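Below is one structure, written out as C-alpha cells; the observations come after it.
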Amino acid sequence: MIVEAGHFALALALGLSLIQFIVPLWGARANDPVLMSVGPVTALAVFVCIAFSFLALTVAYVTSDFSVANVVANSHSTKPLIYKISGVWGNHEGSMLLWVLILALFGSVVALSRNSIPMRLQANTLAVQAAVTIAFLLFMLLTSNPFTRIIPAPIEGQDLNPLLQDPGLAIHPPLLYIGYVGFSISFAFACAALIDGRIDAVWARIVRPWTLGAWAFLTLGIAMGSYWAYYELGWGGWWFWDPVENASLMPWLAGTALLHSTVVMEKRDALKVWTILLAILTFSLSLLGTFLVRSGVLTSVHSFAVDPERGTFILAILILFIGGSLALFAWRAPMLKQGGLFAPVSREGALVLNNLFLSTACATVLIGTLYPLALEVVTGEKISVGEPFFNLTFIPLVLPLLLLLPLGQTLAWKRGNFLGSAQRLYAVFGISLVTTVALFAFYYGGPVAAPLGIGLGVYLVLGSFNEIVTRSWSKGTPFAVARRKAANLPRSTWGTVLAHAGVGLTVIGIAATAWGVEGLATVKPGERLKAGDYEARLERVIPRTEANFREDVAVFTIYLQGHEVGTLESMKRLYVTRGMPTTEAGIMTVGLGQVYVSLGEPQADGSVGVRLYYKPLVLLIWIGSVIMALGGGVSLTDRRLRIGAPVRAKTSAAAPVPAE
Amino acid sequence: MVIWIILLLMTAAAVMAVLWPLSRHRAFSAQQLDPDMQFYREQIAEIERDRERGVLLDSEAEAAKAEAGRRLLRATGMTSDTFAALGEPALRRRRAASTLALSMIPIMALVIYGAYGSPHLMANPPQRQAEQPGSNLDLMTAVSQIEAHLAKHPEDGRGWEVVAPVYFRMGRLDDAVKAYETAIRYLGPGAERLSSYGETLVLANDGLVSSKAQAVFEQAVQLDASAFKARYYLAVAAEQDGQPEKAKQAYAALLASSPEGAPWANAIKQRLASLGVEQPVAGQQNAPQIGAEDIARMVSGLAERLETQGGSPEEWARLIRSYTVLGQRDKAVATAARARQVLAQDDAGLKTIDAMTRELKLTDAGP
C-alpha cells in the first residue's frame, strides 16, 4: 500500500512543481505578492510529497518487499539493516530520488527564509528551482521509476553490488548530492537575477551561504569518496583521475572559484557578470557529471544505469538547462550594471587571479575527461588520458595558485601593496624553506618532490595562520590583548584561514605519497614480506562465512624494523548472490601514516599473493579536506553583514599590521 | 477502494496547499517587499558595532559607512515598483491561478500515476516475504541443508531437481542451470524438466533464447507435444530469429489451447500485440484479422478429432470456447449440444460443459 502511495506522491510532486514553476514566475512579472506567495507554500508541499515518497521506498527496502523491482534488483533479505537503508540510494533509481529529495529540501529552505530574501528574487528562484525539479521528476517517472512492481514477486532479491555494501555508501552519496544540489540553488538564484535584471551586493550576500554550504559538502563528499575507493578497491591509490572522479572535481573547482568571486561581489559590488556566469557553469558541470555517470558513456562502479534512453533524456535536460541559462545570460548580462573598480594589485585582483587559475584548471580537467570520449565517438579509437596528462597540465596551474594564496590573503581591498604583503610573509617563507632543505638533507637521495611539496604545504598552513597573527598582534601588544583581538576577528576570517590551512595539509599528504613504499610477493603462512622499514608476516588464512558472503581472512603481524607493532586482517570476499569477489584491504594506522595490505589470488599450494604498502602521512590528504570543509562551516556561521571598506594609503600605514 | 480514498485525500491536500495562499489576505511587510534598504541600514549599524568592539578602525569604519550610505541611496532610487495585490486584475489573476492549481495537480498526478502505477496491487497485495518473517531464513537453512546433502551425494538427481527451482527463484541462475543439468544427467530428460532448464538458460542469458536453449525446448516438445512452456519459448525464439509469421502462428496456437484465465495468457497476448496482432475479446463479434486461418484450421482439426475419436469434456469445452472466440456463436451452441449427446453418461463431463456454456452465455440459445 505505502509503495503505491509513495508512487502517487511522486506524481503529485510533479503537478505541484508545475504550479511552483508557473505561478511565482507570473507573480513576479505582474508584481503580484499574492501569486508570488504561492511559491514558498508549494515548495514546502513538493518537499513533503517527495519526502513521503522516499520514506515509502525506504520502507519497501527495510521490509524486503520484493514486489518492487528496484528492491529485487538491489536488496536481499539477509543483508544487514544498515545496507538495506543505504541500499535505497545505492542504485540508479533510488539515488535519483535522493537527488530530488535534497533538491526539494533546499527549495523549502529557500521558501522558509522569507524575511531575508527579497520577494521577487525568492519567487523567481523558486520557479527556476521548480523547473529543475520538474525535469528530474519527469526523468525519474518516465525512465527510471523506483516504484515499478513485478508480479509475481520473487522470493529473494539479487543483493546489492558488494562494492557498495560498506558504510561509505551511507555517507558518500548524500554528502556529494548535497554539494551538487546546493549548487543548483546558486544556479537558480543566478537565473532569477538574470530574469529580474537586477543584481547587487544583496544578491551576493544571499547566495554566499548556499555556495559555501554546497562547497563544504562537496568537499567532504569527494574526500569521502576518495577514502572509500582507497580502502575498498584495494589498489592503494586515493585518486585515479577516473572520469567519474573528474566529474565531481570539475564542479568543485568551479564552485571554489564561485565562492571567491562571490566574496568580491558582496564586498565590492564587482565581478557581477562573471559571478553569475560561474554560478551557471558550476551547476552545469554538476549536470554534466550526472550525465557522464548515468548515461552509460562511462563504465565504473557508479554507472548503475547503462541505458541509452536514460542517457538521451539526461542529455536533453543538460541541453535545456545549460543552453537555456547561457542564452538567458547572453540576453540579460549586458544589462547588468557594473560595480566597483579596483587596482590590479589588490585583494580583488588576487581573487580574480584565483578565479583565472581555478577555471583554467577546471577547463583542463574538462578537456582531459571529454577528449577521450569525443575521440572514441568520432574515430572509434580508445585512448586513456590518465595521470601523465593531468600531472603536466593540472599541477602547473595549481602550483602558482597555491604559491600566491597566502599573498592574496594579506592584500588589502581595492588598492593593495604587494611588497608590504610579501614582507609580512618573510617569516613564513623562511620557515618553509628551512623545512624543505632539512627534509631534503635528511632524506638525501629520496624523491625530490616530497620535500618540495611538504615545504609548500607548510608555507600554506603557516601563511594562513599568519593572517590571524598580523591582524591581532603587533610588536609590544600583550598576549591577552592579542588573543582577545584574534577571538574577535570575524568568523569568516577564521573560516578562510582554516580552509586554506586545510589545503596546506592536503598538499603535505599528497607530497608525502612520494615516500610511500611497496612490497609485492607470494607468501605462505609463516613467511614475511618487506616494504621499506615495515615487514608483514602471514600468520594464517582462515575461511569465514557471514550472512551474505564468504571470505578468506589472512591474518598478518606487522613489524617495524624488526619490532612487532600489531596485527591486521585482510580479506578476499565472495558475495554469494552475485557471485562477485571483492578485496577488503587490511589497514593499520601508524601516526598519520598507514600500513596497507591487500590480498591477491590464493594459489593452489596455499600461498597467497600479497601487496604491502607503507604510506607515510597519507591521512593528511583527507584530514586536510575535512578541515577545508570545516573552514567553510565556520565561515557559514558568520552572521555579520560585511562590506569592503576602501582603506586609504595613509590610514593603512597607521593600521596595526606589520609584523616583522 | 481504500487506496483510492487515500490517493484522493493526498490530492486534495496538495491542491489545498496551493489554494491557501491564494485565498487569504495578508499584509506584506515593508522589509519583504523592499529588503534592500533594510540590508544597507543593518550594514551601517553593524559597522558602528564593529567600531565599538574595536575590530574596525575609526577611519575604516567611516569609509565603510560612506560606501554603504552611497549604496543605500542607490537602492532607494531603484525601488519605484509598486506591488499590485488589490483590484480587479489581481482578483482575476488569483482566480486563474486557482483554476490552474485545481486542474493541473490532479490531472498530472492521475495521468502519470495511471500510466505507471499499479493501483490494482493495493486491493490484492502480493504475498509479501515481510509478512512471514523467518520464512526466508527457513528457506536459506533448507537450501544449505540440501547443499550439504548434495555435496556428499552428488548423484542424487532428485535433490538437484528440488534445489534447482529454488535457486531459480532466488535469482542464482547459474547455480540453477548447473542443478538442472545435473538433474537431467541422473534422472534423464523429461518434458517438464527440460522446459524449466531451458527457461533458466533463457533468463540467465538476459531473455535471449540461445541455440542451446532452443535445442532443449525442441527436445521437450518431442517428448511431450503439449509442453506449454517449451512451445512458448520456441515461439519467442522464432520472434527473436526474425520470423514474426512463425512466431505469430505459434503464439496463436498456444493461446487457443490455453484455458481461459491462464496466468500466461496475458503474456502471450502482449507478445502478439507487439507483433501487431489485435486480440479478439471473448464474446464479441470482431473476428481476428491475422492468424485467423491458422486458428480456424486448428479448431477444425480439434472438431474433427472429437467427432471421430471422441475426447475429454475439457477438450469439448475448449472447442466451444474456440468457436466463441472466433465469433462463430451458432457453431459453439451446436458443439455444446453435440457434447451433451456424446457425454450423456458422464455427469461430471456434463457439468463442465454446462459451466462453459454459462460462462460464455450460450445457455439462452441452448436446448
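The values are calculated or read from the model by the stated rules, or taken from the named source; none is laboratory data. Values in this document were obtained by computation on a predicted structure and should not be read as measured data. Cβ atoms come from the backbone with ideal geometry, glycine included; neighbour counts cover every protein chain shown. Please note that ligands, DNA and RNA were not included when accessible areas were found on the heavy atoms of the full protein model with its side chains. Shrake-Rupley method; radii C 1.70, N 1.55, O 1.52, S 1.80 Å.
Only one entry in A:LEU194, A:LEU212, A:LEU163, A:LEU169 is open to solvent by 30 Å² or more (accessible area, probe 1.4 Å) and more than 14 Å from chain B (Cβ to nearest Cβ), namely A:LEU163. Just one of the listed residues (A:LEU538, A:LEU529, A:LEU574, A:LEU568) is open to solvent by 50 Å² or more (accessible area, probe 1.4 Å) and not assigned by TED's automatic domain parsing to the domain that holds A:TYR83, namely A:LEU574. Being closer than 20 Å to A:GLY631 by Cα and away from chain B (no Cβ under 11 Å) is a property that A:LEU176 has.
Looking only at the stretch A:624-632, decide whether some residue is hydrophobic (A, V, I, L, M, F, W, C) and in a loop (DSSP other than H, G, I, E, B). No - not one qualifying residue is present in the stretch A:624-632. Selection of the stretch A:182-200 for residues being assigned to a helix (DSSP H, G or I) and either at pLDDT below 90 or farther than 14 Å from A:PHE106 by Cα (or both) yields A:ALA190, A:CYS191, A:ALA192, A:ALA193, A:LEU194, A:ILE195, A:ASP196.
Scanning the stretch A:260-268 turns up one or more residues that are part of a helix (DSSP H, G or I), within 14 Å of chain B (Cβ to nearest Cβ) and of a type outside the set (Lys, Arg).
A quick yes/no check of all residues on (1) within 14 Å of chain A (Cβ to nearest Cβ); (2) among the acidic types (Asp, Glu); (3) touching a Cys at 6+ places or on another chain (Cβ under 8 Å); (4) in a helix (DSSP H, G or I):
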{"position": "B:HIS149", "(1), (2), (3), (4)": "no, no, no, yes"}
{"position": "B:PRO154", "(1), (2), (3), (4)": "no, no, no, no"}
{"position": "B:ARG169", "(1), (2), (3), (4)": "yes, no, no, yes"}
{"position": "B:GLU192", "(1), (2), (3), (4)": "no, yes, no, yes"}
{"position": "B:GLU239", "(1), (2), (3), (4)": "no, yes, no, yes"}
{"position": "B:GLY242", "(1), (2), (3), (4)": "no, no, no, no"}
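Each residue in the stretch A:601-623 was checked for being among the aliphatic types (A, V, I, L, M) and either under 17 Å from A:SER464 (Cα atoms) or in a helix (DSSP H, G or I) (or both), and 4 of them qualify.
Scanning the stretch B:340-353 for residues that are part of a helix (DSSP H, G or I) and open to solvent by 50 Å² or more (accessible area, probe 1.4 Å) returns B:ARG340, B:GLN341, B:VAL342, B:ASP347, B:ALA348, B:LYS351. Scanning the stretch B:47-66 for residues being at pLDDT below 75, surrounded by 15 or more Cβ atoms within 10 Å (Cβ to Cβ) and at the interface with another protein chain (Cβ under 7 Å from one of its Cβ atoms) gives a total of 4. Could you say whether any residue in the stretch A:390-413 is farther than 28 Å from A:MET265 by Cβ, outside any loop (DSSP other than H, G, I, E, B) and touching a helix residue (DSSP H, G or I) at 6+ places or on another chain (Cβ under 8 Å)? Checked against the condition, which is being farther than 28 Å from A:MET265 by Cβ, outside any loop (DSSP other than H, G, I, E, B) and touching a helix residue (DSSP H, G or I) at 6+ places or on another chain (Cβ under 8 Å), the stretch A:390-413 yields at least one hit.
Annotation note: Cβ proximity below 9 Å between a residue of the stretch A:154-167 that is in contact (Cβ under 8 Å) with a residue 40 or more places away in the chain and a residue that is in a loop (DSSP other than H, G, I, E, B) and among the acidic types (Asp, Glu) (sequence gap 6+ or interchain) occurs for A:GLN165/A:ASP159. Scanning the stretch A:542-559 for residues that are open to solvent by 50 Å² or more (accessible area, probe 1.4 Å) and farther than 23 Å from A:ASP159 by Cβ yields a total of 1. The set of residues in the stretch A:314-343 being polar (S, T, N, Q) and either surrounded by 18 or more Cβ atoms within 10 Å (Cβ to Cβ) or touching a Ser or Thr at 6+ places or on another chain (Cβ under 9 Å) (or both) consists of A:SER325 alone. Out of all the residues in the stretch A:344-402, which are open to solvent by 30 Å² or more (accessible area, probe 1.4 Å) and small (Gly, Ala, Ser)? Result: A:SER359, A:ALA363, A:ALA374, A:GLY380, A:SER384. In the stretch A:130-151, the count of residues that are touching a Phe, Trp or Tyr at 6+ places or on another chain (Cβ under 6 Å), buried (at least 24 other Cβ atoms within 10 Å of the Cβ) and in contact (Cβ under 8 Å) with a residue 12 or more places away in the chain is one or more.
With respect to being in a helix (DSSP H, G or I), over 22 Å from B:SER210 (Cα atoms) and open to solvent by 40 Å² or more (accessible area, probe 1.4 Å), B:LYS269 fits the description. Exactly one residue out of A:ALA45, A:ALA30 is touching a helix residue (DSSP H, G or I) at 6+ places or on another chain (Cβ under 8 Å) and either surrounded by 24 or more Cβ atoms within 10 Å (Cβ to Cβ) or more than 9 Å from every other protein chain (Cβ to nearest Cβ) (or both): that is A:ALA45. Looking only at the stretch A:86-107, decide whether some residue is surrounded by fewer than 20 Cβ atoms within 10 Å (Cβ to Cβ) and modelled with pLDDT under 90. No - not one qualifying residue is present in the stretch A:86-107.
To keep it simple, each residue is scored yes or no on (1) farther than 30 Å from B:GLU67 by Cβ; (2) among the hydroxyl-bearing types (Ser, Thr, Tyr).
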position: A:TYR227; (1), (2): yes, yes
position: A:GLY237; (1), (2): yes, no
position: A:TRP241; (1), (2): yes, no
position: A:ALA254; (1), (2): no, no
position: A:ALA257; (1), (2): no, no
position: A:VAL263; (1), (2): no, no
position: A:ASP269; (1), (2): no, no
position: A:LEU278; (1), (2): no, no
position: A:VAL293; (1), (2): yes, no
